[in-house]
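Take a look at the structure set out below.
The values are calculated or read from the model by the stated rules, or taken from the named source; none is laboratory data. This structure is a prediction, so every number in the text was calculated from the model and none was measured. Every residue, glycine as well, gets a Cβ built from its backbone with ideal geometry; the counts of neighbours run over all protein chains shown. Each accessible area value is taken on the protein alone, full model and side chains, heavy atoms only, with ligands, DNA and RNA left out. Shrake-Rupley method; radii C 1.70, N 1.55, O 1.52, S 1.80 Å.
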Amino acid sequence: MKNIRFNILLGICFFLLSALLGACGGGDSPITDEIDDGKQDGQGQKTVPPVTNLVAEKTERANELKVSWTNPVGAISVEISYLLEGDKPENTVKKNIRITTERVGSLLIVVSEPGTYIVTAVAVDNYGRRSEKSAVTATPLREEEVVRTRFLERADILMTSLMNLCFGKSARDCWNTKYPLATGPYWDGDAVVWDQGAGFSGYVALRGASVGVSAYEKKYADLTDRMFNSINRFITTDNKRSAYAVYPQNGNERYYDDNVWIGLDMAELYEQTKENRFLEKAKMVWDYLMVGNTSSCGGGILWREIPAYSNKHTCSTAPAAVLGCKLYQITKEQKYLDKAKEFYVWLIQYMQDPSDHLFYDNITPSMTIGKSKYSYNSGQPMQAACLLYKITGEQQYLNEAQRIARSAHSKWFTLYDSKELGERFYRINGDHVWFYSILFRGFLELYKIDGRRDYVTAFEKSMLQAWMSECRNQTTNLLSNNYFIGKTNSSWQVLHEGAFVEMLARLAVLELEGK
């Protein structure tokens, strides 16, 4: 009996010893539950490592937070949650972000009300196992705290760079044609008056946008005399009539459209400053335009001074209608409004395509129409219609402006998926940015009346995209005119850089006004 008990006891001891050795992994026995990426919890199951470097920070927009983090190894998604401090847990908002190949994840959060938010992140693996929470707090900007200078800052950066690279490189103290600097074909590379006017337009728009913003106002106000004197070096006096010439000496060609763009800028400078010297130059341009308002082609404005019987163009007549409206608004002299109406009627009768309400380019003395369509040639009739509506209150003008706008948007913008902005929007689809800057003037004038922002937003998104993308040269901050058709620049022309400055500056005005 004792032997039996002894054997049983010995067997139990042997069994327990074997079990103990097995549990300790004795000898070369492998561990059966290897841990690759995670840790083990108290029950011996894997856990997922938490995210690291979790950051939530306010952006430059109201009620917006940018969340970023580093993804842990082994996770396939990250759950981001946010809740207003003191709010009920059931109001927590959750977003699941799928991990692909990126090591760093990010999410833009738009909250429904101001306050401090608790932002948490939980990593999840392929088995649905969850990591410990990582948490931070952040407070987005309130609407009244937003500093609305994003576009103004960018316009200033671009203009500063453009002036450093292209302005004042000759004794004429004017714009060089391009960067890298042109050395010909005229006066060691100084630009023709069209390009000079584009640089001047960019300046005028930026000067206006800077008013009331202490960081920029004095800088651009102090440049007024220099810019004014620079463009006026191109005035010649051929045929006993003062006007802006292609090159700054008598005997050179003069174009009515080159002049009218400068006249519009002078009118805008007068509105900014109330200084008569600017109004005098706007009137000088108007008087010159009247010389080109001959009876050929049924009316309108000639394109060029010589030969006298050249074509009539939309690009000379439509901005003349706009200038007439602006001079009427400034002076209240009826002659300007009468001519503006006359030019507008001529444009509708001879230059508008009735099928889409957009405008042809030109008409010859033999009444043959050049049917090319350019964006600026529809932007100026649109702006003229808006101004005539403001002045007269006649609904026909507003209706026509809206019809032009719809067709122009359809023709010159296409849907685009932006990786920089992370959204899809209508973007500029052409390669002549100066044309688009003139089109933008028409859309802006319409927006001031009907408040429809779709068209303005298309320009806004296009410019945000351009600035954040390869369109902007990282060394010079100059922007590529060819970007919107998928090409790059090897040189940058003042004509287009001035147009970029103008669009940024006009968007800056809307941003500063909270529109």
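Okay, here's what the table says:
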| read-out | value |
| --- | --- |
| Region 436-454 residues that are over 19 Å from G202 (Cβ atoms), paired with ones that are among the acidic types (D, E) and in a helix (DSSP H, G or I) (beta carbon under 8 Å, 6 or more apart) | none |
| Filter pass, G115 being surrounded by fewer than 18 Cβ atoms within 10 Å (Cβ to Cβ) and either out of contact with any Pro (no Cβ under 6 Å at 6 or more places or on another chain) or closer than 17 Å to E57 by Cα (or both) | yes |
| Filtered residues of region 271-300 (kept if of a type in the set (G, A, S), part of a loop (DSSP other than H, G, I, E, B) and open to solvent by 20 Å² or more (accessible area, probe 1.4 Å)) | S295 |
| Residue selected from region 201-223 under the condition assigned to a helix (DSSP H, G or I), in contact (Cβ under 8 Å) with a residue 40 or more places away in the chain and aliphatic (A, V, I, L, M), by the criterion surrounded by the fewest Cβ atoms within 10 Å (Cβ to Cβ) | L206 |
| Hits in region 94-112 (condition: open to solvent by 50 Å² or more (accessible area, probe 1.4 Å) and either within 22 Å of N71 (Cβ to Cβ) or touching a residue at least 60 places away in the same chain (Cβ under 8 Å) (or both)) | K94, K95, N96, R98, T100, T101, E102, R103, V104, S106, L108 |
| Any pair with Cβ under 9 angstrom, 6 or more apart, that starts in region 77-90 at a residue that is more than 14 Å from Y117 (Cα to Cα) and at pLDDT 95 or above and ends at one that is open to solvent by less than 90 Å² (accessible area, probe 1.4 Å) and among the aromatic types (F, W, Y) | V78/W69 |
| Residue within region 240-252 that is open to solvent by less than 10 Å² (accessible area, probe 1.4 Å), in contact (Cβ under 8 Å) with a residue 40 or more places away in the chain, assigned to a loop (DSSP other than H, G, I, E, B) and more than 26 Å from T331 (Cα to Cα) present | yes |
| Residue check for T137: surrounded by fewer than 19 Cβ atoms within 10 Å (Cβ to Cβ) and in a strand (DSSP E or B) | yes |
| Helices (runs of 4 or more DSSP H) lying entirely in region 301-399 (those with 3 or more residues that are within 29 Å of the chain's Cα centre (by Cα)) | 314-331, 375-392 |
| Any hit, region 415-426, residues being within 20 Å of R148 (Cβ to Cβ) and either touching a Gly at 6+ places or on another chain (Cβ under 9 Å) or modelled with pLDDT of 95 or more (or both) | no |
| Filter pass, G86 being part of a loop (DSSP other than H, G, I, E, B) and of a type outside the set (D, E) | yes |
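Every residue, every condition in (1) in contact with a His (Cβ under 7 Å, 6 or more places away or on another chain); (2) among the aliphatic types (A, V, I, L, M), yes or no:
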| position | (1), (2) |
| --- | --- |
| G212 | no, no |
| K219 | no, no |
| S230 | no, no |
| R233 | no, no |
| K240 | no, no |
| V246 | no, yes |
| E253 | no, no |
| D257 | yes, no |
| M266 | no, yes |
